[in-house]
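Here is the structure we will look at, set down as C-alpha cells.
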Amino acid sequence: MKDPRSLAREDEHFMRIALRLAARGVGHTSPNPMVGAVVVKDGELLGKGYHQEAGGPHAEIHALQRASTRARGACLYVTLEPCNHHGRTPPCTEAIIRSGVTRVVIGCSDPNPRVAGGGAGFLRSGGIRVEVGVLEEKCRRLNEPFIKHVTTGLPLVVAKVAASLDGKIASYRGDSQWISNERSRRFVHRLRHELDAIAVGVGTVIADNPRLTSRLPRQKVRNPLRIILDTNLRTPPESQVVGDTGEAPTLIATGPAPSRSRKDALEQLGVEILVLPLERGRVALSALLRELGNRGITSLLVEGGAEVHGAFFYENLVDKVYIFFAPKIIGGSDAVPMVGGTGVPTVAEASNLKQVRLRRLDDDIMVEGYLQESALFSGCLDQTS
C-alpha cells in the first residue's frame, strides 16, 4: 500500500498526462468536452486515449481498448467524470466496469447539474474505488466553453482586442493594419480554430474586408461560424465573408424587416440571414446568444469593432478577454478606442478583470482575464497554470 503523499503525486502525474492528451482534441470535439484518459497498473501506462471528435468514441473507450485485458486490476485516470447516459455513444461507465479496472481517478465531476455525480456513483455501485478532484482547476479550465454551455445554455463569450499602449484600435482615419505583431495574430488564429463562432460588426467588414478564418501553418484547422452584426443589412455582397462561404459558413444577424432585395441577394450567395429583435437600436445580443446556444454553439469570439465590444461589455455579456497591447502610441482624441459606446459614469462601475495573466508575445503583451461579473469560474481556476 502506497503512502498517501506518494499516491497523490502519482495521481497528479498521470492526470497531467491525461490533460495533455485531452488538449489534442481542441477545435474538434464541440459541443462535447475535451477529455483525456490513461490506464495505469503498477506505475506502467498500459493505454491512453482522448476524445477526438463529437460523435466518436470517448477517451475512456480509446484508453481501455489499447490496454485490452491488461486493464483488469488497473487504475483509470480521466479528466472528466465518465458519462452514465446514452447519447450518440453508449455509457462509458458500463465499459469501465466490464474492463475490470478497480480504481478510477476523475479530474472534475460532470458540470451538468442534472447529471453531476451520476457516473461516479454508478462506478462505485459496481465496486470500483472512485476519487474525484485531482487537478480539478486545470480540468475545468480546459473545458470552459462546455461548462458555460451545459450550465446556462449559452456560449462562452470571449472578447479579443488588439490595441496600442494608449488603448487605440485604429487611427483617426480608421487604419488598423497592423497594430499587433505576427505572433499575436497567430495566437488569434489559434483562438478562431478553438472556438465555435466569431462575431464582428458590419463596420469592420466594410472597413477591413476580413476573411475571419483560421489560418495556421502545418495544422488541420476548423473555421468558426462567422457572424456579422448588421442591423440594417449593409454587408457588401462582394466582401470576403460572403464570397467564400464554401470555406466557412456565414450568418448575418440583422434587425426586423430587412430589405427583401438585399436579403435575397445575400442568401443566394450562401449566407444565412437571422432576423432578431432590436435593443437600443441594435441587434439584440442576448437574443443572438440564446439562438447560438440552442444551436449547440458553445463559444463565441468577439473581435469587434469598438461599438460591438462596447455593446457586449455594456450588457455584461463578456466572460473572458484577451487584450494584445502593442508597443505603439497612436494618440489623438479621434482615434478609435478599444471599447466604444458611452461607457460607465464612474470608475467604481468599471468592469474589473480577475484571474489576470500576462504573457509576452515578442514585443506585444497579452492580458488574459475574466470579468468580475462572470462568476462561472470564480474560485475554480488555477492562477499558477
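The values are calculated or read from the model by the stated rules, or taken from the named source; none is laboratory data. Here the structure is a predicted model, which means the values were calculated and not measured. Methodologically, a virtual Cβ is constructed for each residue, glycine included, from the backbone with ideal geometry; neighbour enumeration extends over all protein chains shown. Quick note on the areas: whole protein, heavy atoms, side chains included, nothing else; ligands and nucleic acids left out. Shrake-Rupley method; radii C 1.70, N 1.55, O 1.52, S 1.80 Å.
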Cβ pairs under 7 Å, 6+ apart, first in segment 89-115 and more than 21 Å from GLU137 (Cβ to Cβ) and among the basic types (Lys, Arg), second at pLDDT 85 or above and crowded, with 19+ Cβ neighbours inside 10 Å: ARG103/CYS75; ARG103/ILE128
Residue within segment 291-304 that is under 22 Å from LEU276 (Cα atoms), of a type outside the set (Val, Ile, Thr) and at pLDDT below 90 present: yes
Flag if LEU274 is assigned to a strand (DSSP E or B) and either at pLDDT 90 or above or under 29 Å from TYR172 (Cβ atoms) (or both): yes
Residues of segment 333-349 satisfying the condition of being surrounded by 12 or more Cβ atoms within 10 Å (Cβ to Cβ) and either farther than 16 Å from TYR314 by Cβ or among the hydrophobic types (A, V, I, L, M, F, W, C) (or both): ALA335, VAL336, MET338, VAL339, VAL344
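With respect to GLY167, determine if the residue is more than 25 Å from HIS51 (Cβ to Cβ), surrounded by fewer than 18 Cβ atoms within 10 Å (Cβ to Cβ) and touching a residue at least 60 places away in the same chain (Cβ under 8 Å).
yes
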Per-region count, segment 170-209, residues out of contact with any Asp or Glu (no Cβ under 8 Å at 6 or more places or on another chain) and in a loop (DSSP other than H, G, I, E, B): 9
Residue match in segment 230-240 (condition: surrounded by 15 or more Cβ atoms within 10 Å (Cβ to Cβ) and not in a loop (DSSP other than H, G, I, E, B)): yes
Residue within segment 24-35 that is free of Cβ contacts under 8 Å to residues at least 24 places away in the same chain and closer than 30 Å to SER214 by Cβ present: no
Residue check for ASN112: within 24 Å of the chain's Cα centre (by Cα) and part of a loop (DSSP other than H, G, I, E, B): yes
Residue list for segment 262-288, filter: surrounded by fewer than 20 Cβ atoms within 10 Å (Cβ to Cβ) and hydrophobic (A, V, I, L, M, F, W, C): ALA265, LEU269, ILE273, LEU274, VAL275, LEU278, ALA284, ALA287
Candidate set from segment 14-61 (those that are over 21 Å from the mean Cα position of the chain (by Cα), assigned to a helix (DSSP H, G or I) and modelled with pLDDT under 95); member that is surrounded by the fewest Cβ atoms within 10 Å (Cβ to Cβ): ILE61
Residue within segment 123-132 that is in contact (Cβ under 8 Å) with a residue 40 or more places away in the chain, assigned to a helix (DSSP H, G or I) and buried (at least 19 other Cβ atoms within 10 Å of the Cβ) present: yes
Hits in segment 289-319 (condition: open to solvent by less than 10 Å² (accessible area, probe 1.4 Å) and part of a strand (DSSP E or B)): SER299, LEU300, LEU301, VAL302, GLY304
